[in-house]
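Written below as structure tokens is the structure these notes are about.
The values are calculated or read from the model by the stated rules, or taken from the named source; none is laboratory data. Owing to the predicted nature of the structure, the values given are computational and were not obtained by experimental measurement. FYI the Cβ positions are ideal-geometry reconstructions off the backbone, even for glycines, and counts take in every protein chain you see. For accessibility, only protein heavy atoms count, side chains too; no ligands or nucleic acids. Shrake-Rupley method; radii C 1.70, N 1.55, O 1.52, S 1.80 Å.
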Amino acid sequence: MSELLKSYAKVAGEDAVVKLQQLAAPMKGAKFVHVNSTRVGGGVAEILMKMVPLMNELGIDTSWEVITGEDKFYQCTKGMHNGLQGDAVNISEDLLKAYEETNAKNAETLRPILEDADYVIIHDPQPAPLLSLCPKRKGKWVWRCHIDASKPHPPVWNYLSQYVKDYDASFFSLADYAQQLPHTQYLIPPSIDPLSEKNMDLDQSEIESVYAEFSLDAERPIMLQVSRYDRFKDPIGVIKAYKFVKESVPEIQLVLAGGGATDDPEGEEVLREVKEAAGDDKDIHILLLPPDAHKTINALQRVSDIILQKSLKEGFGLTVTEAMWKGKPIIGGNTGGIRLQIVNHHTGFLVDTPEGAALRIIELLQNPEKMREMGINAKEYVRENFLNTRHLREILSLFTILDDQSKT
Amino acid sequence: MTSKTENMQPLVIKDCNVLNIATGVRAQNLKELRDALVNIHPGSITYHFWTNKLRPSFEEPEYNNDFAIWAYKSLHDNKLAERLSLINPVAFSDTEDLRKKLIEVLDLSIEENQSHERSKESEKFQFTRSEIVVFDKEIVVNRPEELSNIIGELPLGSIYYHYIYTNEPSENIYTWLARFGDQYKGLTLEIINLDPYLYTLQELRSRSAQVFKDHFEGDAN
């Protein structure tokens with residue numbers, strides 16, 4: 001076993017790695033390609049950043065390709081993202097044309113790699129048309145939807161499904177997100193990498209450095225939400241919850257730590273709204289972190305007492321898993337993939353309102369023993385269910401099943 | 001001439017990974033559940049009675065199948081939950097009979113129940129099925145004594161595979177034990193008496209380990 005695999009075995013258990021080796025053995029040397037639309041920022045990029053090297057370590061010849069486009073392309077795909085999450089968006093013909101042209105342009109470059117690949121995963125709507133643009137493809141193609149598509153705006157899904165329906169299979173994070181499609185829809189939740197800078201163990205000095213860096217008081221409780229400045233993440237709701245908590249626990253501090261994803265054009269506008277809602281409260285710390293601030297986020301999660309992910313819509317919410325891996329109780333919006341990660345009253349609390357979040361925060365701050373117990377539960381729950389070793393095992397199982405089906 | 005037990009095939013221990021599949025079929029009330037059950041993939045019925053045992057949980061499940069749990073938690077219909085829970089899949093020779101029984105119980109409740117309770121949108125019953133990928137644990141057991149030493153440590157995927165999933169005679173725990181004949185008749189009967197439907201996989205594993213231990217320690221004494 002290589003050093004990297006040994007490191008995974010140490011955290012996830014040897015059995016987890018042995019299973020990966022068994023599944024990867026028949027795929028040794030096969031060409032496996034992932035395609036998405038951003039190399040930095042957002043959950044998909046974070047997953048691929050660590051999963052691709054792990055796949056290569058297992059002997060699968062894996063590459064990660066990124067499609068690129070201009071403003072209109074990202075406006076269109078942001079509209080699709082919001083539409084899949086249920087917003088009644090109207091995407092203009094002009095934007096759809098940019099979407100189609102961008103995919104056609106990217107296909108010119110990617111076609112040789114994609115048509116030659118044995119296995120392809122296309123992530124999310126941005127590169128979905130690539131399958132139709134690679135007529136000489138020889139491998140198995142699977143579409144991965146990371147978005148909460150439980151109630152998509154029908155025109156958006158109808159448009160997108162014309163590209164998705166021809167894939168060999170698709171996979172979603174939750175059963176609720178599955179759609180009417182002519183192929184099998186697997187259920188595979190995403191994961192975190194326990195060895196990444198965002199999740200690895202840190203020295204105490206590294207952890208404590210964030211107090212000075214962000215003017216936080218180590219003696220007072222901290223509540224934290226890590227997420228992009230996006231309305232669906234409800235940063236304004238978090239500020240409301242903080243204000244309710246402040247009435248009972250005046251010493252509370254709030255940290256909102258976010259950054260932008262290169263494929264999200266709305267971030268700046270939401271950030272402005274958040275700053276406006278925070279006003280001049282010195283205990284609200286609004287951080288705009290660069291996409292590579294992984295260790296900073298890791299340390300912020302470790303110095304926090306309670307972590308929130310009060311999303312209104314959430315495909316999965318990797319920040320929830322990250323916080324749980326740090327042994328912290330988490331308060332999450334009762335929506336999407338958050339419901340899969342937070343086992344209510346065991347690894348944290350699910351809430352529907354800022355008032356609900358405030359109630360649970362106050363309850364936990366008054367009961368440190370409960371906080372500790374929930375944190376222990378949370379970490380073990382992640383070890384069993386949400387590490388990338390489990391995630392990759394399921395992806396490789398999916399392609400094993402597709403291979404077996406084509407043999408019979 | 002060799003004895004009967006020497007001719008026995010060894011038990012090659014397997015583990016499995018279950019991959020869940022969304023059928024896209026959902027129900028929000030009893031009528032929708034009943035109507036969906038008429039045509040749902042048989043693998044989905046199996047899933048909600050058996051594969052659910054592999055789902056992680058912090059609590060003892062109130063009931064043993066997903067239909068009963070949903071009736072209790074999402075429809076708040078305790079009476080129906082109890083009736084559904086009493087349906088033991090072990091008693092049915094095939095999934096079609098099990099399907100008929102489920103529909104019969106639901107029909108009775110629909111007839112009695114005038115409330116037409118609906119689950120929350122977020123708590124719809126999601127019909128799911130699964131496919132399985134099998135792993136070789138690289139452990140071979142020749143005799144029940146050897147199984148006794150390791151059964152308490154086997155992963156839950158192995159317990160699921162050998163007790164519930166496989167009907168292959170050389171891999172299914174019940175048929176494998178039965179092949180040893182009278183020599184292990186008592187042990188085999190005790191293992192058969194551990195109804196896998198009534199226990200979580202953790203309980204099934206620990207109770208089995210205890211049965212094996214009692215059997216062989218008894219022999220030694």
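Worth pointing out:
- Put simply, of A:289, A:254 the only residue that is closer than 23 Å to residue A:355 by Cβ and free of Cβ contacts under 8 Å to residues at least 40 places away in the same chain is A:254.
- Residue match in region B:82-105 (condition: among the aliphatic types (A, V, I, L, M), touching an Asp or Glu at 6+ places or on another chain (Cβ under 7 Å), over 25 Å from residue A:401 (Cβ atoms) and at pLDDT below 95): yes
- Within region A:242-257, the only residue that satisfies the criterion of being in contact with a strand residue (DSSP E or B) (Cβ under 6 Å, 6 or more places away or on another chain) and assigned to a helix (DSSP H, G or I) is A:242.
- Condition broken by residue A:59, with the remaining ones in (1) assigned to a loop (DSSP other than H, G, I, E, B); (2) under 18 Å from residue A:388 (Cα atoms); (3) touching a residue at least 60 places away in the same chain (Cβ under 8 Å) satisfied: (3)
- Some residue of region A:202-214 being assigned by TED's automatic domain parsing to the domain that holds residue A:306, touching a helix residue (DSSP H, G or I) at 6+ places or on another chain (Cβ under 9 Å) and among the polar types (S, T, N, Q): yes
- So residue B:109, is it of a type outside the set (Phe, Trp, Tyr), in contact with a strand residue (DSSP E or B) (Cβ under 9 Å, 6 or more places away or on another chain) and crowded, with 17+ Cβ neighbours inside 10 Å: no
- Those residues of region A:345-366 which are more than 11 Å from chain B (Cβ to nearest Cβ) and open to solvent by 60 Å² or more (accessible area, probe 1.4 Å), in sequence order: A:355, A:359, A:366
- Here residue A:100 meets the list (1) without any contact (Cβ under 8 Å) to a residue 24 or more places away in the chain; (2) surrounded by fewer than 19 Cβ atoms within 10 Å (Cβ to Cβ) almost entirely, failing just condition (1).
- Residue that is farthest from the other protein chains (Cβ to nearest Cβ), among those in region B:9-31 that are out of contact with any His (no Cβ under 8 Å at 6 or more places or on another chain) and open to solvent by 40 Å² or more (accessible area, probe 1.4 Å): B:9
- Against the numbered list (1) within 24 Å of the chain's Cα centre (by Cα); (2) modelled with pLDDT of 95 or more; (3) not in a loop (DSSP other than H, G, I, E, B), residue A:202 comes up short only at (3).
- Within region B:56-73, tally of residues that are away from every other protein chain (no Cβ under 14 Å), of a type outside the set (Phe, Trp, Tyr) and open to solvent by less than 20 Å² (accessible area, probe 1.4 Å): 3
- Test: residue in region B:42-55 that is without any contact (Cβ under 8 Å) to a residue 12 or more places away in the chain, part of a loop (DSSP other than H, G, I, E, B) and within 14 Å of another protein chain (Cβ to nearest Cβ): yes
- Residue check for residue A:84: in contact with a Pro (Cβ under 7 Å, 6 or more places away or on another chain) and open to solvent by less than 10 Å² (accessible area, probe 1.4 Å): yes
- Residue check for residue A:187: within 30 Å of residue A:149 (Cβ to Cβ), in contact (Cβ under 8 Å) with a residue 60 or more places away in the chain and within 14 Å of chain B (Cβ to nearest Cβ): no
For every residue, the table says whether it meets (1) modelled with pLDDT under 95; (2) crowded, with 23+ Cβ neighbours inside 10 Å; (3) not aromatic (Phe, Trp, Tyr).
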position	(1), (2), (3)
A:249	no, no, yes
A:261	yes, no, yes
A:277	no, no, yes
A:290	yes, no, yes
A:295	no, no, yes
A:301	no, yes, yes
A:304	no, yes, yes
A:314	yes, yes, yes
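- Residue A:62, sole failed condition from (1) buried (at least 21 other Cβ atoms within 10 Å of the Cβ); (2) closer than 23 Å to residue A:336 by Cβ: (2)
- The residues of region B:107-135 that are within 24 Å of residue B:51 (Cα to Cα) and touching an Asp or Glu at 6+ places or on another chain (Cβ under 8 Å), listed by number, are B:122, B:124, B:125, B:126, B:134, B:135.
- With respect to being within 13 Å of another protein chain (Cβ to nearest Cβ), surrounded by fewer than 18 Cβ atoms within 10 Å (Cβ to Cβ) and in contact with a Gly (Cβ under 8 Å, 6 or more places away or on another chain), residue A:342 falls outside the description.
- Number of residues in region A:145-182 that are in a helix (DSSP H, G or I) and more than 14 Å from chain B (Cβ to nearest Cβ) equals 8.
- Which listed residue, of A:187, A:195, is under 21 Å from residue B:18 (Cβ atoms), of a type in the set (A, V, I, L, M) and open to solvent by 10 Å² or more (accessible area, probe 1.4 Å): A:187
- Some residue of region A:312-331 being over 26 Å from residue A:369 (Cα atoms), of a type in the set (S, T, N, Q), in the same structural domain as residue A:219 (by TED's automatic domain parsing) and assigned to a helix (DSSP H, G or I): no
- Some residue of region A:127-134 being closer than 30 Å to residue A:198 by Cα and in contact with a Phe, Trp or Tyr (Cβ under 8 Å, 6 or more places away or on another chain): yes
- Filtered by the rule that a residue be open to solvent by 40 Å² or more (accessible area, probe 1.4 Å) and among the acidic types (Asp, Glu), region B:168-221 gives B:168, B:182, B:190, B:203, B:214, B:217, B:219.
- Within region B:106-137, considering residues that are touching a Lys or Arg at 6+ places or on another chain (Cβ under 8 Å) and closer than 30 Å to residue A:400 by Cα, the one nearest to the other protein chains (Cβ to nearest Cβ): B:126
- Top-ranked residue in region A:22-38 [being more than 14 Å from chain B (Cβ to nearest Cβ) and in contact with a Gly (Cβ under 8 Å, 6 or more places away or on another chain); ranked as nearest to residue A:63 (Cα to Cα)]: A:31
- Single residue of region B:117-155 satisfying the filter (outside any strand (DSSP E or B) and under 30 Å from residue B:80 (Cα atoms)) that is least open to solvent (accessible area, probe 1.4 Å): B:119
- Filtered residues of region A:367-394 (kept if open to solvent by 70 Å² or more (accessible area, probe 1.4 Å) and either more than 14 Å from chain B (Cβ to nearest Cβ) or touching a strand residue (DSSP E or B) at 6+ places or on another chain (Cβ under 8 Å) (or both)): A:368, A:369, A:372
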